[in-house]
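Beneath this line is the structure, given in structure tokens, with notes to follow.
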Amino acid sequence: MDDRDASRKQYDMDTVTTPMDEWNRLPWKPMQRQVFRLQKRIYQASQRGDVKAVHKLQRLLMQSWSARCLAVRRVTQDNRGKKTAGVDGVKALKPPERLLMARRLRLPQKARPTRRVWIPKPGTQDKRGLGIPTMQDRAAQALVKLALEPEWEARFEPNSYGFRPGRSCHDAIRAIFDAIKSKPKYVLDADIAKCFDRINHDALLMKLQTFPTLRRAVRAWLRAGVMDGQALFPTTEGTPQGGVLSPLLANIALHGFETVIREAFPERKPGTNVHWKPNVVRYADDFVVMHEDETVIQQVQQLATAWLAGMGLELKPSKTKITHTLSAHNGNVGFDFLGYTVRQFPAGKTHTGKTGGKGRVSTPLGFKTIIKPSNEAIRRHSLVLAEIVEQHKPAPPGRPDCPAQSGDQGLDDLLRARPVQGYLLQDGSPDLPQAPSLGQTSSHPQILALDRQEILAAGTGHLGLCHQRRNALVQTQSHPDPAAYQSPGR
């Protein structure tokens with residue numbers, strides 16, 4: 001606890017010299033424009049291959065006040081994990097603490113271990129281990145990401161869609177549709193086994209090729225270790241899932257995968273004018289490769305296995321298969337990717353897809369390409385909707401503290417559970433004995449039968465009726481005759 005208190009005290013701020021609302025009065029839009037201008041210059045320098053200018057601009061960006069404020073704002077306000085603490089227990093920083101963090105934000109020489117958090121994997125019984133860095137390390141990683149991302153966006157391959165600005169899974173699905181819309185193809189549907197946990201650190205740092213200060217900071221985060229409970233485990237491989245920089249580092253590690261596969265085959269099939277390069281679509285650690293020849297797909301699988309081994313990675317056998325978009329192949333037709341089912345169906349001349357466009361002669365294809373949400377994605381979405389509906393069910397008729405019940409057993413539970421408020425005698429004079437404690441019950445059969453009939457006749461939402469009938473149950477010993485009781489206003 002002393003260590004956590006010390007970590008919290010480093011963000012304590014003197015409100016006499018710094019107003020409480022200074023953070024909220026910062027000019028955020030001009031700051032964003034200034035950072036974007038620097039990022040655009042980094043992108044352009046990376047495009048023309050000027051490494052020296054890239055590194056100089058990256059240092060300038062990471063030292064700028066605007067970039068540091070935006071990095072702190074992202075991890076303390078924008079991200080969903082802003083209330084999740086690392087090993088130091090710091091979370092949910094107040095505006096003065098955010099301002100002080102921005103002023104002190106620098107690249108670390110050493111990093112604190114990440115905190116292990118286990119979350120369930122969708123659709124399986126397994127759990128995924130997240131590594132939650134401290135708030136200070138998260139802010140520094142966000143700052144580094146602002147500098148590294150434009151450099152690598154200028155170099156990333158065209159069909160990489162995961163964790164990139166301005167791209168989504170819908171763009172990947174559209175690329176798949178464009179690749180197969182005019183011709184059925186064989187598909188290598190593959191997944192990289194534990195991609196984030198097994199990336200080779202040395203291979204990643206060699207591919208990063210950045211200046212020494214940034215290289216030392218990235219290496220410190222990669223080898224910081226992880227705290228699982230009270231035990232510290234070293235991290236000799238992989239990037240921590242849960243870090244701000246981890247998705248970008250994973251994309252950098254997998255950069256070059258598409259190029260290796262496509263350059264292994266000629267542009268045209270020998271002796272013909274048929275396009276022969278396979279189509280590759282990758283979203284983070286999931287990818288598909290499409291080609292009309294099954295032999296090419298088998299060669300692609302061997303190439304992918306060999307290339308991934310250089311990064312310390314391998315394909316997951318249970319999620320790697322070769323299928324066909326139109327015909328059955330090894331019992332499989334079509335494939336699931338990013339929550340969608342991609343498949344082609346034979347179709348007649350009235351429903352078939354066609355080649356050509358405006359002003360061109362169209363030719364019937366004999367099949368229709370259908371992409372729709374997968375059954376597993378529909379099931380997961382239905383469970384989420386069911387949970388939302390369950391949480392927002394409308395209250396039953398009447399007041400919520402006297403809920404409507406269905407069935408005799410529900411009425412019995414209702415009558416036995418209500419606290420006593422009072423009852424009326426047959427002549428109309430009130431009789432208010434001392435109310436018994438909550439939970440005191442009676443099971444007198446005549447009184448219970450009378451109460452059930454009157455509640456069914458008057459409606460179970462009548463709060464006064466509930467209270468008075470419950471009194472009758474408790475006062476059975478003093479007034480044994482059920483006819484001595486009546487409901488008010490009846």
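For the cross-link pairs 29/207; 372/393; 185/269, which exceed 23 Å when the distance is taken from alpha carbon to alpha carbon?
With Cα atoms farther than 23 Å apart: 29/207; 372/393.
Take the Cα radius of gyration of region 220-342 and divide it by 2.2 N^0.38 Å, with N its residue count; two decimals is plenty.
Relative to the 2.2 N^0.38 Å estimate, region 220-342 comes out at 1.33.
Quick one: ranking 307, 23 by accessible area, 1.4 Å probe, largest first, what do you get?
307, 23
How much solvent-accessible surface does residue 207 expose, in Å² to the nearest 10, with a 1.4 Å probe and all protein chains in place?
In the full protein context, residue 207 sits at about 50 Å².
For the full complex of protein chains and a 1.4 angstrom probe, list 201, 329, 275 by accessible area with the highest value first.
Result of the area sort, largest leading: 275, 329, 201.
Leaving ligands and nucleic acids out of the surface, order 22, 97 by accessible area at 1.4 Å, largest first.
Order by accessible area, largest first: 22, 97.
I'd like the accessible area for residue 322: 1.4 Å probe, protein heavy atoms, all chains in place, Å² to the nearest 10.
30 Å²
According to the square roots a ≥ b ≥ c of the eigenvalues of the Cα gyration tensor, what is the shape class of region 46-124, taking rounded for a/c under 1.5, prolate for a/b larger than b/c otherwise, and oblate for the remainder?
Oblate.
Using a 10 Å cut-off on Cβ atoms, rank the peptides 50-56, 286-292, 170-176, 27-33 from the highest mean neighbour count down.
Descending mean neighbour count gives 286-292, 170-176, 50-56, 27-33.
For q = 0.11, 0.12, 0.22 Å⁻¹, what log10 I(q)/I(0) does region 167-263 give under the Debye formula with an equal point scatterer on each alpha carbon and no solvent?
Computed log10 I(q)/I(0) values: -0.48, -0.55, -1.22.
From the cross-link list 83/127; 56/91; 40/83, which pairs have alpha carbons spaced over 25 Å apart?
Exceeds cut-off: 56/91; 40/83.
Take each of the peptides 140-152, 81-93, 217-229, average the number of other beta-carbon atoms within 10 Å over its residues, and list them starting from the highest.
Most protected by this proxy first, the peptides run 140-152, 217-229, 81-93.
Out of every Cα-Cα pair in region 275-338, what percent are more than 19 Å apart?
Of all Cα-Cα distances in region 275-338, 32 percent exceed 19 Å.
Kirkwood Rh over Cα pairs of region 36-179 into Stokes-Einstein at 37 °C, 0.692 mPa s: D in µm²/s?
Rounded, D is 189 µm²/s.
Which of the chymotrypsin sites (Phe, Trp or Tyr not before Pro) across region 163-201 are loop residues per DSSP, with 15 or fewer other Cβ within 10 Å?
Sites meeting the loop and neighbour criteria: 163.
Is region 267-394 rounded, prolate or oblate when judged by the Cα gyration tensor, a ≥ b ≥ c being the square roots of its eigenvalues, rounded requiring a/c under 1.5 and prolate requiring a/b larger than b/c?
Here region 267-394 falls in the oblate category.
The values are calculated or read from the model by the stated rules, or taken from the named source; none is laboratory data. Remember, it's a predicted structure, so these values are computed and weren't measured experimentally. Methodologically, a virtual Cβ is constructed for each residue, glycine included, from the backbone with ideal geometry; neighbour enumeration extends over all protein chains shown. Quick note on the areas: whole protein, heavy atoms, side chains included, nothing else; ligands and nucleic acids left out. Shrake-Rupley method; radii C 1.70, N 1.55, O 1.52, S 1.80 Å.
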